[in-house]
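Encoded as structure tokens, the structure appears first; notes follow it.
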Amino acid sequence: MRSVYETDYQLLLATLKKARRDRRITQKAVADALNKPQSFVFKYESGERRLDVAEMVHIARLLGLEPLKLVKDMAKDIAPLPSDRKYGFRE
């Protein structure tokens, strides 16, 4: 099942994957630091598995990213949903 947020989530995954590759860190090294199997990293990077917020924070920090800045930067690139205005969530 695809989500209305799929494109936005792919942006997060691409950012995490690029940070890992730019720092020449292997999937195995990330997995070892998280005490997870290498397949965990493969699955979230490929979109097969979704990350929860706590996992994203740990991974971002491992990759030298500031989690709050990562979210703020993503928020700039994410277009509002049509329902944001309809229901008064956004002015």
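No value in this document is a laboratory result; all are computed from the given coordinates. Source: prediction; values computed, not measured. Virtual Cβ from ideal backbone geometry, glycine too; neighbours counted across all protein chains shown.
Extending 7 Å from the Cα toward the beta-carbon at both TYR9 and LEU34 defines two label points whose distance is 1.4 nm.
Please work out how much length the chain gains when fully extended from ASP52 to ALA75, using 0.36 nm per residue of separation minus the C-alpha to C-alpha distance, in nm with one decimal.
Gain on extension, ASP52 to ALA75, equals 6.6 nm.
At the listed q of 0.15, 0.28 Å⁻¹, the Debye profile of region 6-72, built from one uniform point per Cα, gives log10 I(q)/I(0) equal to -0.40, -1.57. Listed by chain and number, the lysines whose alpha-carbon sits under 28 Å from that of LYS17, ignoring those within fewer than 8 places in the same chain, are LYS28, LYS36, LYS43, LYS69, LYS72, LYS76.
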